[in-house]
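Before any comments, here is the structure.
The values are calculated or read from the model by the stated rules, or taken from the named source; none is laboratory data. Keep in mind that what you see is a predicted model, and the values were worked out from it rather than measured. Note: ideal-geometry Cβ built from the backbone for every residue, glycine included; neighbour counts use all protein chains shown.
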Amino acid sequence: MEFGVFHEFPHRDGQSDADAFAENLDIVDAAERWGLDVMWLAELHFATRSVLAMPLTIAAGIAGRTRRMKIGTAVQVLPLCDPLRLAEEAATVDQLSQGRLIFGVGRSGFARTYNAYGIPYSESRERFAEALEVILKAWTEPTFSYEGTWHSYQNVMMTPKPYQQPHPPIRVAATTPDTFPALGKQGYPLFAAVRIETISDLVPDLDAYRAAYTATGHPGKGQVFLRIPLYIADTEEQAITEPEQSMMTFYRNMANQLAESARQEGARASERRGERSEALANLTFEQARREKVVVGTAESVTERLQALREELGLDGILAELNCGGQIPREGVVRSLRLLCNDVMPHFK
């Protein structure tokens, strides 16, 4: 099973941007030393809690300071970008890293960033599909032309091409029930998450993904990678008490974001987001431990991940070691060390 860390480059209250970058790059360096498989970079705009607005720029920096660990985007929000420019940047990172880029893509679940960029969220699904089509053409065709709804290119020869041929592996975020079978038909590996839904909610969605994947004739059964908050400590008591405030602050903020998003969408979408917002607002930490997060000692976390691998058919995880961004640095580093040294060996 593949082990990665989902990294948002948190920005603590009162911390300078420079110190935030330095602290978070120290986490990257430790992950490289301790043998983590992948460092996954979020894309967060206009968020005071993070300095990670440009994942491919940071990926290029990580490529220069690591030699072994893969570097992934989780996710690059395609509708916000010029796809040709993005194809150039991703190919450049793939070259600088000598083929260590995993290109994770999605369209985000919130309208706020789209509003800031002047892009209607209602267009996000179609813009995503168009952008991905352009990127694949740019990577794989010597010269290409394209006429779409939002983008038009004539006789473009993109350079550099990616280091990995025909292109870096692509993984796509699935956030709504209809997305899972659609990605199965297209044959893409997918990211699943439990920020809004619960672990048990994923079971029918993953069944639909795999059924569509198999019915379309793709080889294998499809790959599933789960993003999940995770915290490891020396004792169960530490593992429960130390991350609680940060994790619960995150879920309360998520409830507020969903409520805000619901006010900006159509009636049907608003109703669903409103229900999810209310559920998160009333969530207890005991419920979160059962349904949304993995906390414990290395031994209990190993057992929990083994059970999740069996239940969901996981091919890997993206461990969110600082959910909420308020966990002290020493706790995050300890979680990372225990994950790499005491948990990962049981899955190799």
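Screening the candidates Gly316, Gly266, Gly324 for the property of being modelled with pLDDT of 90 or more, among the small types (Gly, Ala, Ser) and more than 18 Å from Ala192 (Cβ to Cβ) yields one hit, Gly324.
Scan the stretch 222-238 for residues that are among the acidic types (Asp, Glu) and within 20 Å of Asn341 (Cβ to Cβ) and jot them down. Within the stretch 222-238, Asp234, Glu236 meet the criteria.
Listed by first and then second residue, the pairs linking a residue in the stretch 162-174 that is touching a residue at least 40 places away in the same chain (Cβ under 8 Å) to a residue that is buried (at least 17 other Cβ atoms within 10 Å of the Cβ) and of a type in the set (Asp, Glu), with Cβ atoms under 9 Å apart and 6 or more places separating them unless they lie on different chains, are Pro162/Asp94; Tyr163/Asp94; Gln164/Asp94; His167/Asp94; Pro168/Asp94. Look at (1) within 27 Å of Gln326 (Cβ to Cβ); (2) of a type in the set (A, V, I, L, M, F, W, C); (3) under 16 Å from the mean Cα position of the chain (by Cα); (4) crowded, with 22+ Cβ neighbours inside 10 Å and you find that Ile196 fails only one, number (4). When the test is whether a residue is part of a loop (DSSP other than H, G, I, E, B), at negative phi and loosely packed, with under 15 Cβ neighbours inside 10 Å, Thr149 passes it.
Residue-level check: of (1) under 22 Å from Ile71 (Cβ atoms); (2) touching a Phe, Trp or Tyr at 6+ places or on another chain (Cβ under 6 Å), Leu230 misses just (2). Quick one: would you say Pro142 is farther than 20 Å from Ile102 by Cβ and either at pLDDT 95 or above or assigned to a strand (DSSP E or B) (or both)? It is true that Pro142 is farther than 20 Å from Ile102 by Cβ and either at pLDDT 95 or above or assigned to a strand (DSSP E or B) (or both).
Matching residues to (1) of a type outside the set (A, V, I, L, M, F, W, C); (2) touching an Asp or Glu at 6+ places or on another chain (Cβ under 7 Å); (3) touching a residue at least 12 places away in the same chain (Cβ under 8 Å):
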{"residue": "Met39", "(1), (2), (3)": "no, no, yes"}
{"residue": "Ile58", "(1), (2), (3)": "no, no, yes"}
{"residue": "Arg68", "(1), (2), (3)": "yes, yes, yes"}
{"residue": "Arg85", "(1), (2), (3)": "yes, no, no"}
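Of all residues in the stretch 96-106, those being farther than 17 Å from Leu136 by Cα and either at pLDDT below 95 or surrounded by 22 or more Cβ atoms within 10 Å (Cβ to Cβ) (or both) number 2. Highlighted here are the strands (runs of 3 or more DSSP E) found entirely within the stretch 210-329 that include at least 3 residues which are closer than 29 Å to Ala47 by Cα and in contact (Cβ under 8 Å) with a residue 60 or more places away in the chain: 224-232, 316-320.
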